[in-house]
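Visitor: One structure coming up, written as structure tokens, with questions to follow.
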């Protein structure tokens with residue numbers, strides 16, 4: 001049905017569920033899968049550019065690398081071809097840009113993220129993606 005699927009992940013249980021859903025759909029339809037992890041740099045724009053920012057950025061990048069490696073492993077187990085992307089910036093914008101550049105026909109996102117604050121942010125990110133996406137978007141709620 002959809003030849004190219006993009007799933008946005010953030011390392012949370014909800015994004016893991018979105019990833020699993022996207023892998024199942026890709027496996028069922030013989031689709032290619034793109035996975036994007038966005039380091040939300042806008043959240044830290046008011047921090048001084050010193051060691052604090054470098055430490056936070058390093059932690060976020062490491063978390064992203066682990067999440068993308070896990071995605072590659074899960075997709076491989078199901079025989080799904082996967083391409084991973086690590087981006088920086090506003091998550092909603094970067095998800096949409098990645099979908100466009102990858103030629104995605106379906107975007108899969110989780111409804112919220114890791115913590116209550118992430119729930120607010122990712123809830124707004126998934127809403128942003130749904131509102132501005134030019135392709136079908138699936139929000140995974142469980």
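Visitor: Looking only at the range 50-82, count how many residues are loosely packed, with under 14 Cβ neighbours inside 10 Å and at pLDDT 95 or above.
Guide: Residues flagged as loosely packed, with under 14 Cβ neighbours inside 10 Å and at pLDDT 95 or above within the range 50-82 amount to 8.
Visitor: Right, another one. Could you tell me whether the range 31-46 includes any residue that is modelled with pLDDT of 95 or more and surrounded by fewer than 22 Cβ atoms within 10 Å (Cβ to Cβ)?
Guide: yes
Visitor: Filter the range 83-114 down to the residues that are assigned to a loop (DSSP other than H, G, I, E, B) and buried (at least 22 other Cβ atoms within 10 Å of the Cβ), then identify the one that is modelled with the lowest pLDDT. Steps first, answer last, please.
Guide: Let us first name the residues in the range 83-114 that are assigned to a loop (DSSP other than H, G, I, E, B), namely 89-90, 103-105, 111-114.
Filter once more, so that each one left must be buried (at least 22 other Cβ atoms within 10 Å of the Cβ): 104, 112-113.
On the way: 104: 98, 112: 65, 113: 57.
Looking at residues that are assigned to a loop (DSSP other than H, G, I, E, B) and buried (at least 22 other Cβ atoms within 10 Å of the Cβ), I get 113.
Visitor: Working carefully through the options 1, 14, find the one that is over 11 Å from residue 80 (Cβ atoms), part of a helix (DSSP H, G or I), touching a helix residue (DSSP H, G or I) at 6+ places or on another chain (Cβ under 8 Å) and modelled with pLDDT under 95. Full working, then the answer.
Guide: On the way: 1 fails: part of a helix (DSSP H, G or I).
14 is the lone residue from the list that is over 11 Å from residue 80 (Cβ atoms), part of a helix (DSSP H, G or I), touching a helix residue (DSSP H, G or I) at 6+ places or on another chain (Cβ under 8 Å) and modelled with pLDDT under 95.
The values are calculated or read from the model by the stated rules, or taken from the named source; none is laboratory data. Note that this is a predicted model, so its numbers are computed, not measured. Note that each Cβ is placed from the backbone with ideal geometry, even for glycine, and that neighbours are counted across all protein chains shown.
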